[in-house]
1. If you split all Cα-Cα distances of the chain into 10 Å bins from zero, what percentages do you get per bin, shortest first?
2. Placing +1 on the Cβ of each Lys and Arg and -1 on the Cβ of each Asp and Glu in the chain, which of Trp211, Ala241, Ala73 has its Cα farthest towards the positive end of the resulting dipole?
3. For the stretch 359-453, take the convex hull of the Cα atoms, compute a quarter of its surface area, and give me that in nm², please.
4. Return an integer: the convex hull volume of the alpha-carbon atoms of the stretch 61-183, in Å³ per residue.
5. Excluding Gln361 itself, calculate the net charge of residues whose Cβ lies under 11 Å from the Cβ of Gln361, where each Lys or Arg counts +1 and each Asp or Glu counts -1.
6. For Asn190 and Lys218 in one chain, what is 0.36 nm times their gap in residues minus the Cα-Cα distance, to one decimal in nm?
7. Suppose a student asked you for the relative contact order of the stretch 48-184, using Cα pairs under 8 Å spaced at least 6 residues apart; what percent would you report?
8. Along the three principal axes, how long is the stretch 273-383 when you take its alpha carbons, biggest first, rounded to the nearest angstrom?
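Values in this text are rule-based calculations from the coordinates and carry no lab data. All figures in this text were calculated on a predicted structure; none of them were measured in a lab. Please note: Cβ atoms are built from the backbone with ideal geometry, for glycine as well, and neighbour counts cover all protein chains shown.
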Amino acid sequence: MIAMKEAGLPDVFIKEREDFIHTKGKQKKQLKCENDSVAGCVSQRACVYCGARVVLNPVTDAVHLVHGPIGCASYTWDIRGSLSSGAELYRFSFSTDLKEEDVIFGGEKKLARAIDELVLKYNPKLIFVYATCIVGVIGDDLEAVCKAAARKHGIKVIPVQSSGFIGNKSAGYRAACDALLRLIGPTSRNETKESKCVNYLGDFNLAGEVWIIGNYLKQMGIKLNVAFTGDSSCETLKTAARASLNIVQCAGSMIYLAEKMDEIYDIPYLNVSFLGLEDTAESLRKIARFFGDLKIIHKTEELIKKEVNAYSGTVQSYREKLKGKKAAIYVGGGFKAISLVKQFSEIGIDVVMIGTQTGRQEEYEIINELVDEGTVILDDANPTELEKFMVEKGAHLLVGGVKERPLAYKLGIAFIDHNHDRKHPLSGFAGAVNFAREVYSTVCSPVWKYIGT
Ligand code: SF4
């Protein structure tokens, strides 16, 4: 591995970042998180608008109209690789393409014209209008424009208040959840509940993962009503209030919605994780226990037995091949980071560095319990910090998103995309094998012997 000096990396950080970085076993203070990024750092964190867009983009039959300069729309075009079983409208990225003149004179008229044009061309039932940084600066009244357009066209036109400067990526998640609550509507409060019927929150159907979990639920005798937001549509989302339980996978983006739905529609929720053999089995059991129906409990045990028998041998064989390897993790939310530590432990890999963009205090506490002494834990990191710790800790692999890929490759470290660009599912029992196989094929690839170490 490249020595620190040879790599030309600094030994010190920006002073204000100190509290956001811990080494397990060395600090007594709580890790600082859920804060705005430190000014002057090139944070890896995505912006408010991006946070909202990643949550809402998988709504397949919606028009996603970005009110802002063209760059905001292109940055998030077809983000995530979510799959659809029906409409494909979500794969376009529409923009009002705000220019200097609009910044001076306002962009409301341009926005209204863009909505008219989109309605004429695509006849959508639902339009999400996203506010970007510049909208926060010039003060366009999105609410008024969307209200007038909804009345004019008789469709749902929902503003997403995700302009910059209102916080960090988490504020974008909340803005998206508020938009979803508006879609479900207050009148759904009177909807009759269906027993043994769940909504699945925080899965964006990457590589068809919602379908895998939906299939498990079906085998258990439970109906999947709608997923938020993977492979969802305007009509299916509007039926959300009829479910008797919400299960929440990506808590970072969806816990706010789950809490609100509990408060407004009286739907309780459970946190689940379908990453790794152990977490998947435990989450299915948790759901079965919630319904307390002996038939469901029995079917769930049958399903777990069948799946674990089918896949655990393969996972074990990769575990033997991966002995002694070390991983670094930098992902969006705390839920995924926690699941990844457990998944790495299933395949015998030590985690030496772990961080998130939007992890919550309680999630960092769990991470701290799970990792070994000496593991670096960091919130809202910048590229310099990630590089420094990957090198210092001798990581063989980085798991991250699209922005972290070049960092790893430049250092000659293997990389796994756990976010936007992947084509195979990592959820469920089959996903655990895909994960182990991918870790093996990238970490043990012969290419690394041609990189100077
Ligand atoms: S909303 Fe702001 S930070 Fe986000 S892509 Fe647009 S200009 Fe950049």
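1. The distribution over the chain is 4, 20, 29, 26, 15, 5, 0, given as percents.
2. Final value for the positive-end residue is Trp211.
3. Working: hull surface 28.9 nm².
Mean projected area of the Cα convex hull: 7.2 nm².
4. Working: hull volume 12.7 nm³, N = 123.
Spelled out: Cα convex hull of the stretch 61-183, divided by residues, is 104 Å³.
5. On the way: positive: Lys32, Arg360; negative: Glu34, Glu362, Glu363, Glu365, Asp379.
Value of the local net charge: -3.
6. Numbers: separation 28, 0.36 × 28 = 10.08 nm, distance 2.62 nm.
Full-extension gain reported as 7.5 nm.
7. On the way: 247 pairs, mean separation 46.6, N = 137.
The value is 34 percent.
8. That works out to 50, 34, 21 Å along the principal axes.
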